[in-house]
1. For region 28-77, give me the residue count where each residue is surrounded by fewer than 17 Cβ atoms within 10 Å (Cβ to Cβ), without any contact (Cβ under 8 Å) to a residue 60 or more places away in the chain and within 14 Å of Tyr115 (Cα to Cα).
2. Return yes when Leu112 is modelled with pLDDT of 95 or more and in contact with a Gly (Cβ under 9 Å, 6 or more places away or on another chain) and no when it is not.
3. Restricting attention to region 78-89, which residues are closer than 14 Å to Ile113 by Cβ and acidic (Asp, Glu)?
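The values are calculated or read from the model by the stated rules, or taken from the named source; none is laboratory data. Given the structure is predicted, the values throughout are model-derived calculations rather than measurements. Cβ sites come from the backbone with ideal geometry, for glycine too, and all protein chains shown count toward neighbours.
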Amino acid sequence: MARAVVLVLLVAMSSAAYADPVEDGAEVFKRCRACHQVGENAKNVLGPQLNGLLGRKAGSVEGFNYSDANKNSGLVWDEKALADYIKDPRGAMPGNKMAFPGIKDERDVADLIAYLKTFGENGKQPK
């Protein structure tokens, strides 16, 4: 019996060790794509396109009509600011237009950010 428990634990640990945050983040992004796009042909839809998000000033994607709260936040997206926003958009930036309850799971948030980090400003991902 003890050997079976050890084997199950080893399999679970090895699966977790080989999890790919970027691939997992692509799955998490499916919750976002009704409003946002990424990639070489990304466009603004209900929300702005998210290429090159990290390091970008909030409210600065050309052609998207942001809320005053977003435009005037003075925020530059880094991993912490983005994580806070993803978890609770209205709490992190009161008055913004994002009608999304947030993603509460820490790992999902981290994986989503890992995925978004792979898209440069031009929407290209490294090969």
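1. Final tally of qualifying residues: 2.
2. yes
3. Result: Asp78, Glu79, Asp84.
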